[in-house]
Structures are given as structure tokens and as C-alpha cells.
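A.B. asks: After the C-alpha cells below, expect a handful of questions from me.
The values are calculated or read from the model by the stated rules, or taken from the named source; none is laboratory data. Please read all numbers here as calculations on a predicted model, not as lab measurements. Note: ideal-geometry Cβ built from the backbone for every residue, glycine included; neighbour counts use all protein chains shown.
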Amino acid sequence: MRKIFTLLCFVLTTTFFVKADNATFSWVSIGGGAGADYSADVVTDANGNIFTANYFLNTATFNGVTLTGSAKGSGANFDNSLFVSKLSPAKVTLWSIYSNVGVVTPTALATTPGGDLIMTGTIRAVVNTADQTTTANIIDALGTVTTFTGLSSSIVQSFVAKFNANGAIQWAKEFDSGTAKDKAVTTSALAADAKGDVYLTGIYTNTVVLPAETPIILTTNNTAPQAAFITKLDGTTGNEIWYKTSSGSIVSEILSGLVYGDDGFLYAAGIYKNAAIPILVTIGDKSFTPTAGFNLTLIKFDTDGNISYIQSRSNASDTRVKDIFVKNGKVFVGGSLRGDNGGLLFSGANALKSTAAYLNGFTAVFDSNGGSDIWQKAILSSGIVEVYGITIGSDNRLYAFGTYANKTSTSVAGPVDFGNSKTIVDTPTSNTSGDLFLVSYDVSNGTTLEIHSVATSSTYENAKSITSYGNNLYLFGGTNAASISFEKNNTISGRTVSFDFMLLNYTVVNPSTGIISSEASKLPFSYADHSNHLIVVKNAGNVRNARIIDTMGRSIKTASNSNNDVLNINAQGIAAGVYILQLTTSNSQITSQRLIIQ
């Protein structure tokens, strides 16, 4: 039977990059199944490996791996199952972690300097055929099953777990509301420090039990609807080292962003909303009084839990914090805000405002030493715009990843204004849900440098997370479109319409070191010659070697090139399966793309 060679996506090496923009689209991998499947987080480790956390219904396939999740309960639909993948820098799946009992929804990932993976999320039971509540589990890369028991089928508890570089579970700790597990406990954000100790934020509605040799029980004031907490866990045992919790009986508090900075301090960001008659809120030995609006709140800790400062910026309308990043003395916070009622207020009477009664995106930058304001930037539209993830690229630009919608419930919105005369006009006027953008800023002053319309369709794309390693930006989101358009005239069509998660890669070049010439503008591209059983690489003049690699990392076929514009790779005799095509250039730049042989 004739084999069919399918190249799923093109990888455009930054060696040949000649555009004025620093970032260029390289590839996309879409995963999921027949149900609604969603992204949660993406991180990298010190070796450039990529970790993704997703949740899926029933079954899902991602990067050549298919998993089957939890069975549905009696009279119910399928519910969330865990799907975590570790991919090599060449985008080969190294291992997977999943669940097939109960409901397990990942929230956040972090990696340690030693290559361990830390994961947190929520757990609850489903109802089985005997109408009894069940357990929930996590299955590591070696098949070891960790089970959580005594769960409600309607109220979530949370967990945090550590896995080594091979995907073997080291420990798992439950954050629950006590023996009855009848009140919600939700974890929000995660970080790991230089020693491998773990930091976690979350919220609880009445009681939370922290893991320790003797469990620590925290309770809220009877009138408080919820309380935020932050805790440090020993990286070796998973037990509590210290914790901080809010003491005020206010309307809402959540620390949704957490990062271990390059200065060795911990930074948490989120939202505090006070009661109509403001109440003093105490965290550790520091106090502040948020307003009755939505207050962007920034807290700096050392690794012993001592608080350096609490900064608060108020907004009479809605504010949401999605991500935080710290580098070179600056704290970057990204999210969304309503700016039609005075806006989000900063020092010196500065405010991020908009005329839209919808969420618009923002990035705010603070001095890490004292928390003073440096610059703020809003992304304005009469539709909805939200920033979901931020990171610093190898070019030292700040990159923000998010969604924009070109239509409100009543009319087509105008352009999305990123500032500095850079806009996006979304052309499908039927799209009320969202497309994906990537924007970069000058870290010193917030000047908008470039924008990318990452993915568009007539239906819906969502953004979730972004991370950076070397010259790579990894964007994690999702889509439910039958046909999706990406940059560089890449289009995926004919998809079965269901919500799936997708990982996108952009490569970054520094203009001061990039190769810029007319000849270099020829980008290498590959295609399958079915009749001759060849993989053909064109514009290959700067490609010196090519390898086809299997999912175990083994080299199946190699080919060399001596300045030829066309490189033919003989694929005769290669078994059907998933492979990686890896290209190495004359200056040792390596790019990869996924290859399926059927």
C-alpha cells in the first residue's frame, strides 16, 4: 500500500528572517477530540523542553498521543480529564500524564531548575451508575496511579503535584476544605524558586487545609465570602513551610498571578474588591485598604514570606489580572479592564481609560524595588480585548498574547488600537467571539513595536498562556473553527467543528544580529513527493543536514546537503507513524517540523 507523507506545519528559521518585525510565525499543533477540549498552561524548562497542560472530554489526541479520560457519570455528560505533555525542543512527545477517573482540571504549571514539573488544578468526583460519588486520579508517565478520595461531585477541591524529569510522580498534596470537603478550594497560580521549593496561591470560601506533618487549618471570618492565601511548600516533601492569608471580610480577593523573579523575590498580583464601607485588609505584617472597586494589587515577598510592599491601583469598574513577569528590575502585569468609569488609576493622575463598556486589554509595569509605576498601556476597542499571557523574548521585548473580538452584541466594532499607530481590523464581521493577537512593547517605555494577527476565523479562538525559551515564543490557546488562518498564509481547513487546544510557535530574531540580505529572504520549505517517496526541502541552500527522528528520539534517516537549493530525503522503507523532520543550517541553527507517515 502506498504511504502518504503529511507535513503538518512549516517551520521558518529565524536565520533567514528579514522582516522588520522581530517575531515570525513558525508552526501550530492542534489537539483534542470530539468533545470540548481546552488549554490551561504552557511552560518550558532549562533545557528548552515544552510542557503543556490541557483538559479534555472522553478522548483526545495531541502530537501523536491519544488518551482516554474519565467515563461519564450516570445520566451525565463527559467531564474534564487531565492531559499533560512534555515535548522536546524538536517537538517530539517525550511523555504524557493524564487522568481517567473523576474530574481533574489543571490550573497552572511551573518547572524547577532541576527539570521537575509542578502542577496544580482542581478535582471533584463524578456520579457513577450507582449514584455514588467516586474518586479522582492522576496517572503519571510510568503508569503510577495517585488517587484522591472522598470528593463531592459538585464542589471542587484542589491539588498540587510534583513530577521528575521522566514524568514520575514524586508527591501529590490535596488542598481541601476538611474531612467533609463541602466547601470550594481553588488554586490560582504557581511558581518554583532556585532551590526547587514551590509557591502556590488560591482562594477558599470557608476552610482550607494546608499539607504539613500536622495539617494546618485556615478559616475565614464568618461574613467573608472568600479569602486569598499564598503558601510555600518544601520542594522535596510538598509540606507547608509558611503561609499568608488575607484578614479582611471584603467582597472579593484573588491572587491570580505569581512569579519567582530574576532578583530572587516572589511577586503576586491579583484583584481585591472591598466592601461598600472600606475595611482594612492585613496580609502578614502589612495592611492596606482597597476601594470598593476592583483594585489591581501587587505584593512582593522574600522566600521566607516577609512582605516588602503591597501596591494597589483602583478601578470603579472591572479589572482582571491574568499574568505577571519580572525581569531586570521591572514587574510586568497583564490583564483586562473596564475603562469607561474613570479607568484604572495610577500615580500622577494617570489612568487607563476606554469608552467601551467591555473589557479591554492592558499591561502595567512597576519598579520591582518599591512598586512605583513605570508605564501603562491599554489595548483599546469598542469590542472585547483581553491580555492572557506576557513574557520577555530573547530580543528583550515584552510580548503580550491575547484575544480580540471585532463585534459587540449590537454592532461591528472598530479597529483594535494597540497604540503608536498600530491597529488590527478583524475582517470576518460575523465574529463576535475572538481571534488571537501577539503584540510586543519596548520594555523601557511601552512603545508598541509590532503586532501580529496570530489566528483568525469566523468563529472563535481563545488565548491562555505564553512562555519564552531562547529564540522561541510558545503560545497556548484554542479554537472551535472549521477553518483557521494563521500568518504567512498558513491555513488549516476541513476540521471537525469542536473546541480543541493548540500550541503555536513564533521565532524571534534580534535585528542587531539577524542575517539581512536579499538572498537570505528565501525561506526553506518542505513538501511530500508521494509518487517517489521523497521529502523535498526547497530553498535549502543554507541547510547542511536533515534528520528524520522517531518519537523515541532515534534517528531514522539522515541526509546532507552541499549548498544545493533542493534537498531530497529518501523516505522509502520508513514505517507508518509520527516523526520529526529536523533541519540544521550552516551556522548550527536547528528547526523542526512534525511529519506523519501513513
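A.B. asks: Could we say that L190 is in contact with a Lys or Arg (Cβ under 9 Å, 6 or more places away or on another chain) and modelled with pLDDT of 95 or more here?
C.D. replies: For L190, the condition - in contact with a Lys or Arg (Cβ under 9 Å, 6 or more places away or on another chain) and modelled with pLDDT of 95 or more - is not met.
A.B. asks: Okay, next question. Do any strands (runs of 3 or more DSSP E) lying entirely in the range 334-404 carry at least 2 residues that are crowded, with 20+ Cβ neighbours inside 10 Å and free of Cβ contacts under 8 Å to residues at least 40 places away in the same chain, and which ones are they?
C.D. replies: Values: elements: 360-367, 373-379, 385-392, 397-404.
Passing ranges, in order: 360-367.
A.B. asks: Moving on. Is there a residue in the range 492-503 that is in a loop (DSSP other than H, G, I, E, B), under 25 Å from A108 (Cα atoms) and in the same structural domain as G31 (by TED's automatic domain parsing)? Walk me through it before giving the result.
C.D. replies: Going residue by residue through the range 492-503, those that are in a loop (DSSP other than H, G, I, E, B) are 493-499.
So of that shortlist, the ones also under 25 Å from A108 (Cα atoms) come out as 498-499.
Cutting the leftovers down to in the same structural domain as G31 (by TED's automatic domain parsing) gives us 498-499.
For the range 492-503, residues in a loop (DSSP other than H, G, I, E, B), under 25 Å from A108 (Cα atoms) and in the same structural domain as G31 (by TED's automatic domain parsing): present.
A.B. asks: Only one residue in V127, V103 is in contact (Cβ under 8 Å) with a residue 12 or more places away in the chain and surrounded by 20 or more Cβ atoms within 10 Å (Cβ to Cβ), so which one is that?
C.D. replies: On the way: V127 fails: surrounded by 20 or more Cβ atoms within 10 Å (Cβ to Cβ).
Only one candidate passes the filter, namely V103.
A.B. asks: From the list L82, L109, pick out the single residue that is among the hydrophobic types (A, V, I, L, M, F, W, C), outside any loop (DSSP other than H, G, I, E, B) and crowded, with 24+ Cβ neighbours inside 10 Å.
C.D. replies: The unique qualifying residue is L82.
A.B. asks: Another question, then. Residue check: is T146 part of a strand (DSSP E or B), within 18 Å of the chain's Cα centre (by Cα), at negative phi and in the same structural domain as I466 (by TED's automatic domain parsing)?
C.D. replies: No; evaluated as a whole, the condition is false for this residue.
A.B. asks: Just checking, which of G257, G196, G238 is over 17 Å from S308 (Cβ atoms) and either within 22 Å of the chain's Cα centre (by Cα) or assigned by TED's automatic domain parsing to the domain that holds T122 (or both)?
C.D. replies: Being over 17 Å from S308 (Cβ atoms) and either within 22 Å of the chain's Cα centre (by Cα) or assigned by TED's automatic domain parsing to the domain that holds T122 (or both) holds for just one of G257, G196, G238, which is G196.
A.B. asks: How many of the residues in the range 446-461 are under 30 Å from D373 (Cβ atoms) and surrounded by 23 or more Cβ atoms within 10 Å (Cβ to Cβ)?
C.D. replies: Final tally of qualifying residues: 1.
A.B. asks: Kindly establish whether I250 is without any contact (Cβ under 8 Å) to a residue 60 or more places away in the chain, surrounded by 23 or more Cβ atoms within 10 Å (Cβ to Cβ) and in contact with a Lys or Arg (Cβ under 7 Å, 6 or more places away or on another chain).
C.D. replies: Judged against the criteria, I250 is a match.
A.B. asks: Answer yes if at least one residue in the range 69-76 is outside any loop (DSSP other than H, G, I, E, B), on the phi < 0 side of the Ramachandran plot and in contact (Cβ under 8 Å) with a residue 40 or more places away in the chain, and no otherwise.
C.D. replies: no
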